[in-house]
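A short write-up of the structure that comes next.
The values are calculated or read from the model by the stated rules, or taken from the named source; none is laboratory data. Quick caveat: nothing in here was measured; it's all calculated off a predicted structure. All accessible areas refer to the heavy atoms of the entire protein, side chains included, with ligands and DNA or RNA removed. Shrake-Rupley method; radii C 1.70, N 1.55, O 1.52, S 1.80 Å.
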Amino acid sequence: MCVRLAATALAMIVTLPLTVPAAAQQDLFQDRLGGPLPSPSITTPNLPPALPSAEPDAQLSLSALLSGPGTPLRQGLAWRVYEDRGDGTKPSIIARSAEAEPHFTLAPGTYVATVTYGFASASKRIVMGGQPTTETLRVAAGALKLSGAVGDQKIPPAEVLFSVFVPVGTNSEGRLVRSGIKTGELLRLPEGTYHVVSTYGESNAIQRADLRVENGKVTEATLNHRAATVTLKLVAAAGAEAFAGTAFSVLTPGGDTIREAIGAFPQVTLAEGDYVLIARHDGQVYTREFKVESGLDRDIEVVAKSG
């Protein structure tokens with residue numbers, strides 16, 4: 001009897017539920033971890049401070065004036081805008097315009113604006129910082145306007161051309177500025193002295209002059225030639241019809257060839273002076289001496305006769 005009661009008691013002890021107060025459980029948990037835990041909380045991440053907004057593109061407005069008189073330039077302009085990286089490399093062109101007052105939209109940075117007016121130019125370094133900018137460039141320039149004449153008679157524009165040089169040292173034709181300039185054409189140039197060569201016709205009728213160009217002024221000049229235009233003919237008799245296909249050579253008295261031409265009656269413009277004319281036709285050669293007088297255009301006939 002006693003044994004049964006003991007076994008029953010033991011069973012009862014084993015099956016009793018183990019209940020631990022909540023506070024005690026917390027204490028046990030804290031003891032195992034070495035102390036109380038902090039209460040959880042929600043915090044915002046540590047972000048870097050916001051960067052300032054980038055500067056926007058802005059408009060650059062340009063215009064040009066003549067140095068001296070300050071006259072606005074309205075035509076004949078060529079604008080270029082270069083990006084200046086500041087690293088010693090050659091600046092690159094990022095914009096062009098031929099307007100009198102161009103406008104360019106540019107990002108913040110450093111630029112070089114240039115304007116060309118004929119052979120004169122000006123440039124300016126510009127820093128863009130997100131704000132509209134207006135700049136005026138001053139161009140030191142004048143102009144040449146040329147024509148030719150023989151005595152009181154103007155030379156037709158189609159018969160005369162001009163070349164302009166910059167003297168270098170004692171060489172008046174040191175550096176060619178431009179050739180093939182026509183009568184009345186406006187040649188825009190930096191201020192300075194220039195050497196002008198006028199060629200009347202295609203031979204030796206040439207005149208030269210040194211001309212001064214001043215800022216803001218147009219220098220008009222007429223170069224006066226002492227020359228004439230002669231018509232070359234090979235005829236059987238004075239006043240007769242000219243032979244076609246004749247080859248002519250015009251020489252100086254010393255034998256230097258000035259001009260060669262082929263035809264029945266070619267025209268040659270020559271400077272005033274003495275000449276020798278040689279005509280070749282059908283294997284025969286004929287010669288004649290003649291004189292050119294300034295302003296006296298006339299026929300020069302060579303009579304085809306033996307001897």
Filter on K182/K233; K90/K124; K154/K182; K124/K182 - keep pairs with C-alpha separation over 25 Å: K182/K233; K124/K182
In Å², what does the accessible area per residue of the range 64-199 work out to with a 1.4 Å probe? 52
So, for the range 233-307, what is the accessible surface per residue at a probe of 1.4 Å, expressed in square angstrom? 57
